[in-house]
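Undergrad: Below you will find the structure I want to go over with you.
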Amino acid sequence: MALADKQSKWVLTLMIIEETELATTLATIILTNDYGMSVEIINFGARIKSIKFPVNNIPTEMTLGYASPEDYLTDDFYLGATCGRVCNRIAGGKFELAGQQYQLPVNDGENCLHGGDNNFSRRYWQIDKKSLTSNSVTLLLMSVDGDQGFPGTVNISVTYQLSKDNQLSIKYLGNTDLATVMNLTNHAYFNLGEQDCQSLHLQMMSSTFLETDAANIPTGNIIPIAETDYDFREPVSIGKRQQNTKDESLKAKQGYDHCFILDNTAFEESKAVLTSLENQISLSVYTDQPAIQLYTGFYLSGQFSPYQGLCLEAQNYTDADNNKHFPSNVLKPNQQYQRQIIYAFE
Ligand code: BGC
């Protein structure tokens, strides 16, 4: 089925979880297809634990992950995670909505990162048992009014579906009983079976990016990428770019950790393509979200090394809640939050 059909046939029903159904134990779901691709999802953080794709007929890991589901309970890197209620940074952990000020926990210097201390990546999500098939699963989360300082009780679902043609679709649905803000993304680190993301090539359909300060907070300026090291309109070797750059921000941040604004092309046109020449694999990212946070993983440490994988976090513009000229994160009670990301492997 073509991508466009897949999107237009997306019929929406958001399941609501009962308090009595709250999960407190780890569970793993494995999605498979006949091509030999498999995807492991865990309920803790509604995370992608593993994506295996055949390389020379050998199932090969495409993402960075821990060996056991328990390891995710203490993860600091958001490996494969669903990030929210608002992903990436909110300056000072503060925002205003309908004339009221909200203060969120600050967990990244003076700022709020990925939704606060006890964000969605650290919650047990409920597996909707009725949704379970060999290639699909839906996970549910209720986040109550005041959770991490955000207004409104929201109900959210994330559906992972693996197609026969090796596309992993992620669909987010959400609703709220009070006006709130929402920006969900997936934080998988891709290496396409290589040791490091630096040997991969990346192409992104983006003509501008958000300028940020030393704390990774957008200044509000939207910068054209032409003739800069932020131009990925043709495929670029990540490592060569990072090592040779003269750009002060890239040098200071030791790589990419920037929000790229996507050109307004149709859903069925890929927004980013990551390629492993060594393994002859490409990952195409399709999304209806307006931006991608490209993060090349400098902060990975412990059992991982810097740059061992990179994230292509399809999302709204970072810190939209404090920049009125960015597209809004506001979700009202009469609206439904609905977003999609597809990771397509070839
Ligand atoms: C952020 C990085 C942060 C990382 C956490 C990314 O989305 O942009 O600054 O270190 O998430 O693992």
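Undergrad: What number of residues in region 109-130 are within 16 Å of the ligand (Cβ to nearest atom), under 18 Å from LEU184 (Cβ atoms) and among the charged types (D, E, K, R)?
TA: Qualifying residue count, region 109-130: 2.
Okay, residues lined up against (1) under 30 Å from ILE58 (Cβ atoms); (2) outside any strand (DSSP E or B); (3) more than 16 Å from the ligand (Cβ to nearest atom); (4) among the hydroxyl-bearing types (Ser, Thr, Tyr):
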{"site": "LEU141", "(1), (2), (3), (4)": "no, no, yes, no"}
{"site": "PRO151", "(1), (2), (3), (4)": "no, yes, yes, no"}
{"site": "VAL158", "(1), (2), (3), (4)": "yes, no, yes, no"}
{"site": "GLN195", "(1), (2), (3), (4)": "yes, yes, yes, no"}
{"site": "PHE209", "(1), (2), (3), (4)": "no, no, no, no"}
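Undergrad: Determine whether region 183-193 contains at least one residue that is over 20 Å from GLY80 (Cβ atoms) and touching a Leu at 6+ places or on another chain (Cβ under 6 Å).
TA: No, because not a single residue in region 183-193 is over 20 Å from GLY80 (Cβ atoms) and touching a Leu at 6+ places or on another chain (Cβ under 6 Å).
Undergrad: Which residues, counting only those in region 271-315, are surrounded by 24 or more Cβ atoms within 10 Å (Cβ to Cβ), within 15 Å of the ligand (Cβ to nearest atom), under 18 Å from LYS52 (Cα atoms) and more than 13 Å from the chain's Cα centre (by Cα)?
TA: GLY309
Undergrad: Would you confirm whether any residue within region 43-63 is of a type in the set (Gly, Ala, Ser), in contact with a Phe, Trp or Tyr (Cβ under 7 Å, 6 or more places away or on another chain) and more than 14 Å from the ligand (Cβ to nearest atom)?
TA: Yes, that holds for at least one residue.
Undergrad: State the number of residues belonging to region 46-74 that are among the charged types (D, E, K, R), touching a residue at least 12 places away in the same chain (Cβ under 8 Å) and over 19 Å from LEU162 (Cβ atoms).
TA: 1
Undergrad: All but one of (1) more than 16 Å from the ligand (Cβ to nearest atom); (2) aliphatic (A, V, I, L, M); (3) assigned to a loop (DSSP other than H, G, I, E, B); (4) crowded, with 22+ Cβ neighbours inside 10 Å hold for VAL39; which doesn't?
TA: (3)
Undergrad: Under 8 Å between Cβ atoms, at least 6 apart or on separate chains: pull out the pairs that start in region 103-129 with a residue that is farther than 21 Å from LYS49 by Cβ and end on any residue that is of a type in the set (Val, Ile, Thr) and at pLDDT 95 or above.
TA: These pairs meet every condition: LEU104/ILE90; ASN111/ILE90; ASN111/ILE217; CYS112/VAL86; CYS112/ILE90; CYS112/VAL106.
Undergrad: Still on this structure, I have one more. Given the condition part of a loop (DSSP other than H, G, I, E, B), within 19 Å of LEU113 (Cβ to Cβ) and at pLDDT 95 or above, answer yes or no: does some residue in region 219-237 qualify?
TA: no
Undergrad: Any idea which residue in region 316-346 is nearest to the ligand (Cβ to nearest atom), counting only those that are more than 24 Å from LEU79 (Cβ to Cβ) and of a type in the set (Lys, Arg)?
TA: Here the residue is LYS324.
The values are calculated or read from the model by the stated rules, or taken from the named source; none is laboratory data. Keep in mind the model is a prediction, meaning the values are calculated, not measured. Glycine also receives a Cβ, built like all others from the backbone with ideal geometry; neighbour counts cover every protein chain displayed.
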